[in-house]
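Asks: Below is a structure I'd like to ask you about.
The values are calculated or read from the model by the stated rules, or taken from the named source; none is laboratory data. Given the structure is predicted, the values throughout are model-derived calculations rather than measurements. Positions of Cβ are generated from backbone atoms using ideal geometry, with glycine treated the same way; all protein chains shown enter the neighbour counts. What goes into the accessible areas is simple: the full protein's heavy atoms, side chains included, and nothing from ligands, DNA or RNA. Shrake-Rupley method; radii C 1.70, N 1.55, O 1.52, S 1.80 Å.
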Amino acid sequence: MRAGNRFCVLPMEGWDGTSDGRPTELTRRRWRNFGRSGAKLVWGGEAAAVRHDGRANPCQLVIGSSTWESLARLRDVLVTAHEESFGTGAANDLVVGLQLTHSGRYARPNGWDRPEPQVAFAHPVLDRRFPGGVRVLTDEDLDRLAEDFVRAAVLARRAGFQFVDVKHCHGYLGHELLAAHERPGRYGGPLENRTRFLRTIADGIRTEAPGLRIGVRFSAFDTVPFRKGEAGRGEPERKDDGYTSAFGLLRDERMDEALGESRALLRLLHGLGVRWACVSGGSPYYNPHVQRPALFPPSDGYLPPEDPLAGVARQIRATALLKAAFPDMVLVGSTYSYLQEWLPHVAQRVVREGRADFVGLGRMVLSYPEMPADVLAGRPLARRRLCRTFSDCTTAPRKGLPSGCYPLDPFYGARPEAARLKAIKEALRA
């Protein structure tokens, strides 16, 4: 695969699909904006569940025999918008993938306020957050789920996607399996077992969907879960002494040490012929300041326990260390949106110094989708559209509303959900 520039649109779910997993006009509008952005790599667009019980919300996209054609048309919307914005043939160096997922512990397929967790192992802290209990998937369950991923990849190739991302980040099932140090059986314990799920899927895709490329978005490091503490600020929910329920546990900012498992994972991917990886960290569910640095947290979240710039620097450093260890792999970095006006300057230095191959944009593309095009053309930034990390795009879906930039995108600001979101936030502050 070859992409025409170094900007990448990261996967962002909109909570706006149909009950059976098809895109709506809101979904198409978002993907149209991805195409208009000017970025030449679209890393998965957004997560599509490989089966119903793996949906993170009841409006998440699903890829299956009855929905894949609607996802093919969704991809066409993006490609058409790209060529309308940048000229005939502009899509020749546009690379578009689809992210495949099972939400595992964070599955809510039948109601946004109705958790139905399916987990890789019993977690000493997170299990307490599910009063209804969790179901630990058996080895046989995981065998069947790996087959579902392969079937989904076959359909993604049929729909025209150039690659699939086998999602292993942010606390979802793939990520949790990487941390299954104390799980018994074929999918837990040593790294060989903890990566069995990923290796089985990759082997199946090579066999059943030859020519389809594979990428992996993964959380390269993690921390213990956080909670809201004094004055609403985040604090660790437990000390990390003896804590094993993490992949690449970061202790005392010893990043080089924490990345040992990620280096082993990248060696494994390299051996499988997988050359593209997207680097993230932590999880929005239990340490969001690590995964998504923001000055203004979600209304039901906690105040950042550190300057958000520290979170940005941490992820940039992690990606740079991995890139130095694997110079022939293509790595996409994350967390740049918090940089706002400074984003193009930091991005240029990162790319120039070989600390990453692509600069990934998430929240920024919701408020200001044309930012990559403006930067590449040398135009002044539209400062009023820059993402200021107000986090409404996160608060809204946590309350069952579509995700979008309600403060800065007039389209979402004029929708009835904007008034509902305002009322929800006021009630939370009361």
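Asks: Go through segment 410-430 and count every residue that is farther than 21 Å from GLY301 by Cβ and either touching a residue at least 40 places away in the same chain (Cβ under 8 Å) or not small (Gly, Ala, Ser) (or both).
Replies: Let us first name the residues in segment 410-430 that are farther than 21 Å from GLY301 by Cβ, namely 410-411, 413-416, 419.
If we keep only those that are either touching a residue at least 40 places away in the same chain (Cβ under 8 Å) or not small (Gly, Ala, Ser) (or both) too, we end up with 410-411, 415-416.
Residues meeting the conditions: 4.
Asks: Among the residues of segment 301-327, write down those that are outside any helix (DSSP H, G or I) and either modelled with pLDDT of 95 or more or more than 20 Å from the chain's Cα centre (by Cα) (or both). Steps first, answer last, please.
Replies: First pass over segment 301-327, keeping only residues outside any helix (DSSP H, G or I): 301-307, 326-327.
Those that are outside any helix (DSSP H, G or I) and either modelled with pLDDT of 95 or more or more than 20 Å from the chain's Cα centre (by Cα) (or both): TYR302, LEU303, PRO304, PRO305, GLU306, ASP307, PHE326, PRO327.
Asks: Return the residue satisfying two criteria in turn: it lies in segment 386-430 and is open to solvent by 60 Å² or more (accessible area, probe 1.4 Å) and of a type in the set (Phe, Trp, Tyr), and of such residues it is farthest from the chain's Cα centre (by Cα).
Replies: Of everything passing the filter in segment 386-430, PHE411 is farthest from the chain's Cα centre (by Cα).
Asks: Can you name the residue in segment 51-76 that is polar (S, T, N, Q) and within 17 Å of the chain's Cα centre (by Cα) and, of all such residues, is nearest to ASP16 (Cα to Cα)? Walk me through it before giving the result.
Replies: Restricting attention to segment 51-76, the residues satisfying the condition of being polar (S, T, N, Q) are 57, 60, 65-67, 70.
Then keep just the ones that are within 17 Å of the chain's Cα centre (by Cα); that gives 57, 60.
On the way: ASN57: 10, GLN60: 7 Å.
For segment 51-76, the residue satisfying everything is GLN60.
Asks: Which ones in segment 243-288 are part of a helix (DSSP H, G or I) and open to solvent by 10 Å² or more (accessible area, probe 1.4 Å)?
Replies: The initial filter retains those residues of segment 243-288 that are part of a helix (DSSP H, G or I), namely 255-258, 260-271, 288.
Selection gives ASP256, GLU257, GLY260, GLU261, ARG263, ALA264, ARG267, LEU268, HIS270, GLY271, PRO288.
Asks: If the requirement is being touching a residue at least 24 places away in the same chain (Cβ under 8 Å) and out of contact with any Gly (no Cβ under 7 Å at 6 or more places or on another chain), which of these qualifies: GLY171, GLY215?
Replies: Working: GLY215 fails: out of contact with any Gly (no Cβ under 7 Å at 6 or more places or on another chain).
Testing whether each residue is touching a residue at least 24 places away in the same chain (Cβ under 8 Å) and out of contact with any Gly (no Cβ under 7 Å at 6 or more places or on another chain) leaves just GLY171.
Asks: Only residues that are more than 17 Å from ARG363 (Cα to Cα) and not in a helix (DSSP H, G or I): list them for segment 379-422, please. Walk me through it before giving the result.
Replies: So in segment 379-422, the residues more than 17 Å from ARG363 (Cα to Cα) come out as 379-380, 399-400, 414-422.
If the condition is that a residue be more than 17 Å from ARG363 (Cα to Cα) and not in a helix (DSSP H, G or I), then ARG379, PRO380, LYS399, GLY400, ALA414, ARG415 are the ones that fit.
Asks: How many residues, within segment 18-44, are touching a helix residue (DSSP H, G or I) at 6+ places or on another chain (Cβ under 9 Å), open to solvent by less than 10 Å² (accessible area, probe 1.4 Å) and under 16 Å from HIS102 (Cα atoms)?
Replies: Qualifying residue count, segment 18-44: 1.
Asks: Still on this model: May I ask you to say which residue of ARG355, ARG349 is in a loop (DSSP other than H, G, I, E, B) and basic (Lys, Arg)? Talk me through it step by step, then tell me what you get.
Replies: Values: ARG349 fails: in a loop (DSSP other than H, G, I, E, B).
That would be ARG355, the only listed residue that is in a loop (DSSP other than H, G, I, E, B) and basic (Lys, Arg).
Asks: Further question on the same structure: Is it the case that GLU46 is at pLDDT below 95 and touching a strand residue (DSSP E or B) at 6+ places or on another chain (Cβ under 9 Å)?
Replies: Numbers: at pLDDT below 95: no; touching a strand residue (DSSP E or B) at 6+ places or on another chain (Cβ under 9 Å): yes.
No; evaluated as a whole, the condition is false for this residue.
Asks: In segment 1-41, which residues are under 12 Å from the mean Cα position of the chain (by Cα) and part of a strand (DSSP E or B)?
Replies: VAL9
Asks: Answer yes or no as to whether SER85 is open to solvent by less than 50 Å² (accessible area, probe 1.4 Å), of a type in the set (Ser, Thr, Tyr), modelled with pLDDT of 95 or more and assigned to a helix (DSSP H, G or I). Reasoning before the result, please.
Replies: Working: open to solvent by less than 50 Å² (accessible area, probe 1.4 Å): no; of a type in the set (Ser, Thr, Tyr): yes; modelled with pLDDT of 95 or more: yes; assigned to a helix (DSSP H, G or I): yes.
Criteria not met by SER85.
Asks: Right, something else. Filter segment 49-64 down to the residues that are part of a loop (DSSP other than H, G, I, E, B), closer than 19 Å to GLY400 by Cβ and either open to solvent by 10 Å² or more (accessible area, probe 1.4 Å) or among the hydrophobic types (A, V, I, L, M, F, W, C) (or both) and list them by number.
Replies: ALA56, PRO58, CYS59
Asks: Please find, among THR138, THR223, THR195, the residue that is open to solvent by 10 Å² or more (accessible area, probe 1.4 Å) and within 22 Å of the chain's Cα centre (by Cα). Reasoning before the result, please.
Replies: Details: THR138 fails: within 22 Å of the chain's Cα centre (by Cα); THR195 fails: open to solvent by 10 Å² or more (accessible area, probe 1.4 Å).
Answer to the selection: THR223.
Asks: Please count how many residues of segment 341-385 are buried (at least 17 other Cβ atoms within 10 Å of the Cβ) and acidic (Asp, Glu).
Replies: Adding up the residues that qualify gives 3.
Asks: Against the condition among the β-branched types (Val, Ile, Thr) and not in a strand (DSSP E or B), how does VAL96 come out, does it pass?
Replies: No, not satisfied.
Asks: Here's something else I'd like to know. Filter segment 92-126 for residues that are open to solvent by 10 Å² or more (accessible area, probe 1.4 Å), touching a residue at least 12 places away in the same chain (Cβ under 8 Å) and of a type in the set (Lys, Arg) and give the result.
Replies: ARG108
Asks: Shifting gears a bit: If I go through segment 198-242 residue by residue, how many of them are in contact with a His (Cβ under 9 Å, 6 or more places away or on another chain) and not in a loop (DSSP other than H, G, I, E, B)?
Replies: Residues that pass the stated criteria total 8.
Asks: May I ask you to list the residues in segment 238-271 that are modelled with pLDDT of 95 or more and in contact with a strand residue (DSSP E or B) (Cβ under 8 Å, 6 or more places away or on another chain)?
Replies: TYR243, ALA246, PHE247, GLY248, LEU249, LEU250, ALA258, SER262, LEU265, LEU266, LEU269
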